[in-house]
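Worksheet: one structure, shown below.
The values are calculated or read from the model by the stated rules, or taken from the named source; none is laboratory data. All values reported here derive from a predicted model rather than from experimental measurement. Neighbour counts run over all protein chains shown; Cβ positions are idealised from the backbone, glycine included.
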Amino acid sequence: MFDEPDESPSERAIDPLDRAKDKFDEFRMHAEFAAVFEGTRKFEAQIDSTLDANVAREIQRTIGRLEKARSPEHPILPTPASVDEARALLDFPKTKDISTNDYHVHRRPGEVMILRFLGGGQAGGEQVNSFYERFQAHFDAALGAYREEERQANAWKQDAKTLAYLDALDKIDVKMADRYLRDTIKKHKVFVLSTQAADELDILHLADYVMGATAAEIVGEASAPPEDGATEQDRAWFFKLFSLRGVDDDEERMCFFAYLQKTDEEF
């Protein structure tokens with residue numbers, strides 16, 4: 001789905017703890033991706049292509065300012081101005097009449113923006129809780145399967161580095177809500193923005209496997225890869241996901257904003 005490294009984990013990170021951390025980061029990224037975009041398969045979310053162009057651009061500009069405002073070392077938004085903008089954006093379902101849970105799509109040639117809000121209103125708490133449950137479930141499933149595969153494939157070697165690596169994998173016990181600073185957000189009423197990106201995302205993986213939709217429903221007929229004989233280039237999109245979280249009116253809220261751009265040179 002995401003770019004593959006040029007070298008194996010053992011070549012990139014000789015230290016067993018570093019190797020285990022590499023796998024943790026990989027599984028965390030994939031778990032977040034799945035939890036954000038599986039709503040059409042798991043929670044009856046709809047793909048809505050009627051997002052107003054002016055609203056889409058306003059959201060894009062706001063997200064850009066928030067990203068610049070935060071420290072590269074920490075995702076908590078630091079200034080009163082950025083907090084005010086984050087609070088206003090998380091209130092868009094009410095002020096702009098945008099439904100929560102659904103995926104709101106705005107397309108331009110070779111370019112797509114996807115917006116999803118969770119929280120706010122009667123079903124808000126359930127939506128947020130379900131996200132964290134699914135985030136954790138995806139991570140646990142991936143890590144558990146990998147642990148078993150690595151132990152079956154490598155435990156027989158009995159060398160110190162391999163055994164230390166397997167031991168480090170066994171000791172990974174991280175709650176995704178903690179990673180997302182959920183308790184900090186609720187206790188201190190802070191606003192948090194985190195990101196992940198991929199130079200080449202397989203649009204069919206996102207559409208078919210994660211969302212259970214067609215690529216055309218997401219990127220439009222003109223930009224979707226052909227049904228027969230699609231090449232890797234046909235399927236490749238730059239992808240960046242912004243995850244904004246905070247508490248507004250004593251309600252926990254989340255906003256996911258994804259920007260995708262076709263990697264074809266013509267765009």
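If only residues of the range 162-191 that are part of a helix (DSSP H, G or I) and of a type in the set (Ser, Thr, Tyr) are counted, the one that is farthest from the chain's Cα centre (by Cα) is Thr162.
For beta carbons closer than 9 Å, sequence separation of 6+ or different chains, a first residue in the range 127-139 that is crowded, with 20+ Cβ neighbours inside 10 Å and among the aliphatic types (A, V, I, L, M) and a second that is part of a helix (DSSP H, G or I) and at pLDDT 95 or above, the qualifying pairs are Val128/Arg182. Among residues of the range 254-265 that are under 15 Å from Leu193 (Cα atoms), those with a beta-carbon under 6 Å from a residue that is among the small types (Gly, Ala, Ser) at least six positions away or on a different chain give the pairs Met254/Gly119; Phe256/Ser243. Does Ile203 fit the bill of being crowded, with 16+ Cβ neighbours inside 10 Å and in contact (Cβ under 8 Å) with a residue 60 or more places away in the chain? Answer is no for this residue. Among the residues of the range 1-40, the one identified as among the charged types (D, E, K, R), part of a helix (DSSP H, G or I) and modelled with pLDDT of 95 or more is Glu32. Applying the set (1) at pLDDT below 95; (2) assigned to a helix (DSSP H, G or I); (3) buried (at least 20 other Cβ atoms within 10 Å of the Cβ) to Gln233 leaves exactly one unmet item: (3). Would you check if Arg147 is in a helix (DSSP H, G or I) and more than 30 Å from Leu260 (Cβ to Cβ)? Yes, satisfied. If you go through the range 35-44 and keep only what is in contact with a helix residue (DSSP H, G or I) (Cβ under 7 Å, 6 or more places away or on another chain) and either surrounded by 21 or more Cβ atoms within 10 Å (Cβ to Cβ) or acidic (Asp, Glu) (or both), you end up with Ala35, Phe37, Glu38.
Residues to consider are His74, His106; find the one that is farther than 19 Å from Ala53 by Cβ and either free of Cβ contacts under 8 Å to residues at least 40 places away in the same chain or crowded, with 19+ Cβ neighbours inside 10 Å (or both). That would be His74, the only listed residue that is farther than 19 Å from Ala53 by Cβ and either free of Cβ contacts under 8 Å to residues at least 40 places away in the same chain or crowded, with 19+ Cβ neighbours inside 10 Å (or both). Out of Ala164, Ala160, Ala222, Ala215, one residue alone is more than 17 Å from Val36 (Cβ to Cβ), surrounded by 13 or more Cβ atoms within 10 Å (Cβ to Cβ) and at pLDDT below 95. It is Ala164.
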